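Encoded as structure tokens, the structure appears first; notes follow it.
The values are calculated or read from the model by the stated rules, or taken from the named source; none is laboratory data. Please read all numbers here as calculations on a predicted model, not as lab measurements. Counting neighbours? That spans all protein chains shown, and the Cβs are built from the backbone with ideal geometry, glycine included.
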Amino acid sequence: MSQIDPARRVAELRAAIEEANYHYYVLDQPQISDAAYDALMRELQALEAAHPELVTPESLTRRVSGQPASQFAKVRHPQPMLSLGNAMDEAALREWRESRVLKLLGRDTPISYVVEPKIDGLAVALTYRAGLLVQGATRGDGEVGEDVTANLRTVRGIPLRLRSPAGTGLPLATLIEVRGEVYMRRADFEALNARLAASGDKTFANPRNSAAGSLRQKDPALTASRPLRFFAYGVGPFEGVALRSQWQALQYLRALGFPVNADARLFDDFEELIAYCRTWMDHRERLPYEADGLVIKVDSFAQQRELGAVQRDPRWAIAFKFPAREAVTRLVNIVVNVGRTGVITPNAELEPVVIGGVTVRNASLHNADYIAERDIRIGDYVTVQRAGDVIPYVVGPLLELRTGAEQPWVFPERCPACGTPLERQEGEVAWRCPNFGICPAQLVRRVEHFVSRGAMDIVGIGERQAEQFVSMGWLQDVADLYQLTPEHFAGVEGYGPKRVANLLHAIDRSRRRPLERLIVGLGIRYVGSVAAAALASHFGSLDAIMTASEAELQAVEGIGPVVAASVVDFFSREANRRLVEKLRAAGLRLSGAAPRAQAGTGLAGKSFVLTGTLPSLTREQAAELIKAHGGKVSESVSKKTSYVVAGASAGSKLARAGQLGVPVLDEAGLLALIGAAGTASDHPAAAEPRAAPAPTGQLSLDL
Ligand code: IVH
């Protein structure tokens, strides 16, 4: 990387930040992500700190936010709308309590706290006089916002007339300013973007900008057509009612007819509060809307007044931020990976960066077109995203940070493993190594897949061993695993007698895996655990599946034309039929549906969809358990789905469940349901316990 002149760099960064501010605050069309913006700001701050002579009075690092757009009338807030300081982790949260709250209020004062989700939308203030909405304004810079009353009137959930707060024992306020967040649900945001794209309009970058852009429309009819929602989270000035605490205010707001977040909680005990915050790390993914953290507020208004604020941040509240899903880092190199079916995938090698508590070193670049369209170059600063159950991927380069030293990348013409010229089929984005069955890289991937947990589950063989065994020339196909003997390992470093015995024992034990697992292990395109189970139980043997026609395959419930064609294609290949014969000769079970101990029928008639990583069961184990109790497992969520079982990093299936109102269970919920229906102790997971690393830690790519 060439040496850069700091003055020039500072000027470049300021221009880039200025531009980003304009797009974000004025046009509501952010050009770069928050993480990218933070990266620019951090670099500018660092340069200004190192070169104080470059700091100017109007430097962007000293200004808080951008100016409002001019099309709406300005409204001065009678009480400033404050912002919030951030606590990035538990320690910072404890520190806030110690050094801000307890220090001023005293250790012996009882203090309660309210915890609320921090919804990622747009803050507004709604003024009601005698129960009628008279004004609605955006937060703006906290002092002055914009009058968007006409638009706010169109937002579902914002009452135009307040309900009588009967039951609270409190009168209707003669004046009250209600504060809250206008936001958009994820699914609504996606649908809106699809609609905008279909009509050739500009799409929004995220639900928050979508909410902001939709609210700040000149034409209220347009705002009305946007799926905006509202959560009330606080009060500004009020008259004619005595509200004494945040918790009381929330109950009051609910009684007045406002949507108040059901996940808000009141705590007297700070440790319980922390425990609640912890549960949110997973819970977050299950919400139908984006939340970027939790807001913790001292409950009593009197205590809030006593604590006051430091500039814009109140001492009485803090935002406990969830780990970001996105980060900016440098792309050091691009390497290609050869997949099981020969697909060549480009991967980014990154300067390690922590995203959501996990260190990410590699990220997917999807395919050649993806890199070309985004002009991603080696040496670029790139935004990397990691969310839900997807592999981390490179979103794109930060063009503003280019120095000129970045190198464009050229897709290889030959397979990096076997040198065969790569091919690309008409209409496909992927390049492939056509040397199927011989290319050693493909074989390594097939071995990895064959031994994986959802397939033959051979403990002790992973990526490294697969590579090693193939490079030693021991394996021509996966069936050769069953020919390994202690002699193979004699003198090989790292393989003592005990390890070899364990390994061979694990291989031997896998001979008895049920047919459906073997089908998964074969690696037939589009055939995962659900399709494999359907095939195994319908046909009962591999021979029957091999000779079935497409029509016969499609007659099986859950097997569509694509899977059927893929199965026929797989077994039409000589090499694959030979492989099956070798597996038969090695003594594997090629027939018999999984001997399923019917543990109960308590889940009969119920259908489940699994998503995310469960804390103790693998997805396959959970599926077996459900089936063993008479339930059905399917791949996609529909209105007919009885339950979605969600674990950590669940993604779109969970969002879909929220959309359709399908109940969501976690692993404990599933086990409880089964427990209520029968006994769970006989589940297959219990038969062969194994200590496996949490899959969430495995972020390197294995394709
Ligand atoms: S309270 C002094 N509560 O976060 C307290 N804010 O950085 C200030 N927000 O502009 C606001 N959910 O847009 C509060 N439950 C919640 C919130 C929340 C989201 C946003 C709001 C505000 C920003 C503060």
Determine, yes or no, whether Ala242 is more than 33 Å from the chain's Cα centre (by Cα) and either without any contact (Cβ under 8 Å) to a residue 12 or more places away in the chain or surrounded by 18 or more Cβ atoms within 10 Å (Cβ to Cβ) (or both).
no
Could you give me the residue pairs with C-beta distances under 7 Å whose first residue belongs to the stretch 406-418 and is under 14 Å from Val335 (Cβ atoms), whose second residue is of a type in the set (S, T, N, Q) and assigned to a loop (DSSP other than H, G, I, E, B) wherever it lies, and which are 6+ apart or on separate chains?
Cys415/Asn435
Counting only strands (runs of 3 or more DSSP E) entirely within the stretch 111-156, those with at least 2 residues that are within 13 Å of the ligand (Cβ to nearest atom) and among the hydrophobic types (A, V, I, L, M, F, W, C) are 113-119, 122-129
Any chance Thr641 is on the phi < 0 side of the Ramachandran plot, at pLDDT 80 or above and either crowded, with 21+ Cβ neighbours inside 10 Å or not charged (D, E, K, R) (or both):
yes
Helices (runs of 4 or more DSSP H) contained entirely in the stretch 465-558, each with at least 1 residues that are within 39 Å of the chain's Cα centre (by Cα) and of a type in the set (Ser, Thr, Tyr):
529-539
Could you please find all residues in the stretch 460-473 being more than 22 Å from Ile524 (Cα to Cα), surrounded by 15 or more Cβ atoms within 10 Å (Cβ to Cβ) and hydrophobic (A, V, I, L, M, F, W, C)?
Phe469
Please name all residue pairs, on different chains or six or more residues apart, with Cβ atoms under 7 Å, provided the first residue is in the stretch 304-325 and is more than 24 Å from Gln248 (Cβ to Cβ) and the second residue is among the polar types (S, T, N, Q) and more than 9 Å from the ligand (Cβ to nearest atom).
Arg325/Gln385
Contact list please: Cβ distance under 6 Å, first residue in the stretch 179-206 and under 17 Å from Gly661 (Cα atoms) and within 16 Å of the ligand (Cβ to nearest atom), second residue in a strand (DSSP E or B) and of a type in the set (Ser, Thr, Tyr), pairs at least six apart or on different chains.
Arg185/Tyr289
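Here is a yes/no grid of residues against (1) at pLDDT 85 or above; (2) surrounded by fewer than 19 Cβ atoms within 10 Å (Cβ to Cβ); (3) of a type in the set (Gly, Ala, Ser); (4) under 20 Å from the mean Cα position of the chain (by Cα):
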{"site": "Ala597", "(1), (2), (3), (4)": "no, yes, yes, no"}
{"site": "Thr601", "(1), (2), (3), (4)": "no, yes, no, no"}
{"site": "Lys606", "(1), (2), (3), (4)": "yes, yes, no, no"}
{"site": "Leu610", "(1), (2), (3), (4)": "yes, no, no, yes"}
{"site": "Pro615", "(1), (2), (3), (4)": "no, yes, no, yes"}
{"site": "Arg619", "(1), (2), (3), (4)": "no, no, no, yes"}
{"site": "Gly651", "(1), (2), (3), (4)": "no, yes, yes, yes"}
{"site": "Gln698", "(1), (2), (3), (4)": "no, yes, no, yes"}
{"site": "Asp702", "(1), (2), (3), (4)": "no, yes, no, yes"}
Working only within the stretch 284-305, note down all residues that are within 15 Å of the ligand (Cβ to nearest atom) and assigned to a helix (DSSP H, G or I).
Arg284, Phe301, Gln303, Gln304, Arg305
So in the stretch 157-171, with the set limited to residues that are more than 16 Å from the ligand (Cβ to nearest atom) and surrounded by 18 or more Cβ atoms within 10 Å (Cβ to Cβ), which one is nearest to Asn206 (Cα to Cα)?
Pro159
List the pairs whose first member sits in the stretch 73-87 and is closer than 18 Å to Leu122 by Cα, whose second member is of a type in the set (Val, Ile, Thr) and near the ligand (Cβ under 8 Å from one of its atoms), and whose Cβ atoms are under 7 Å apart, counting only residues at least 6 apart or on separate chains?
Leu84/Val295
